[in-house]
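Since the structure comes first, as structure tokens, the remarks are kept for the end.
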Amino acid sequence: MKHLFLVAVVIQIFQSQFCYGQYDWKEGLIIHNNGDTVHGYIDERIAQTNQIACFFKKGIDGEIKKYSPFQILGYRFSGGKYYVSKTIKFPEKEDSIFLEFLVKGKISIYHYIGVGERYFIEKDGQMTELENSEINIRVGDRDYTRKKNEYIGTLNILLQDAYIPNEIQKTRYQSESLIKLAKTYNEKMCPDEKCITYEKKKEIAKFDFGFTLGTSNT
């Protein structure tokens, strides 16, 4: 038992040192709750970590501050991803989290990555989840899983004023496809307003290593 404890301690020390050396500071800004913006450097991590906290410092050698979705309105990497604080539903409760902002316009699209991917659409200040749950079906002696595609019906209702049913039907449950649909809608409904897209850049995969004990409701 003592040997197992010693191994656990060594792993903890090694991984803690490894983690602290894995910063990827990018120029960016944070938006305080009063609307003020502060420019500096943000540690870009994997999506799951970026959604929980923002690690920020004003100067490259400045003090590191950790912000939760309750403390700031959002943050953005210069010319890159943009995260905003939103409250969404989880199986056990509602919680505030940083959602990735994909498109801003008459309709806006947000992205969340957890156990699976989730997308949200905002229109007239109202947030609605675009659901795509799974259903199990049995054919003969085999079980199959298929997507229910509820998001198609939701989009048809929310975007009926633009009358683009064909475009909606072709929309896949992925960022690029939803961005394309949002652009089509925004350009048709507000041709004089510019639709802002926060394009996701292709990048090498990042990994956050650590040793964590505890429980989580989400």
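The values are calculated or read from the model by the stated rules, or taken from the named source; none is laboratory data. Everything numeric in this text was worked out from a predicted model, so none of it was measured. Every residue, glycine among them, receives a Cβ derived from its backbone with ideal geometry; neighbour counts consider all protein chains shown. Accessible surface areas use protein heavy atoms only, side chains included; no ligands, DNA or RNA. Shrake-Rupley method; radii C 1.70, N 1.55, O 1.52, S 1.80 Å.
Things worth noting here:
- Expressed in units of 2.2 N^0.38 Å, where N is the residue count, the Cα radius of gyration of segment 43-148 is 1.35.
- The modelled label-to-label distance between Ile152 and Ile135, using points 7 Å beyond Cα along the C-beta direction, is 1.2 nm.
- Taking all protein chains together, Lys106, Lys180 sort by accessible area into Lys180, Lys106, largest first [probe 1.4 Å].
- Here the label points at Gln71 and Thr37, each 7 Å from Cα along the C-beta direction, are separated by 2.1 nm in the simple model.
- Between the alpha-carbon centres of segment 122-140 and segment 39-94 there is a gap of 27 Å.
- Cα-Cα over 25 Å, subset of Lys65/Lys123; Lys57/Lys86; Lys123/Lys148; Lys26/Lys65; Lys81/Lys106: Lys65/Lys123
- Under 15 Å, Cβ to Cβ, from Tyr144 - net charge with Lys/Arg +1 and Asp/Glu -1: +2
- Where labels lie 7 Å past Cα in the beta-carbon direction, separation of Phe90 and Thr128 in nm: 2.6
- Paramagnetic label zone (point 7 Å from Cα along Cα-to-C-beta, Lys188; backbone N under 16 Å) in segment 139-160: 152-160
- Qualifying chymotrypsin sites (Phe, Trp or Tyr not before Pro) in segment 51-89, where qualification requires a DSSP coil assignment and no more than 12 other C-beta atoms within 10 Å, comprise Phe70.
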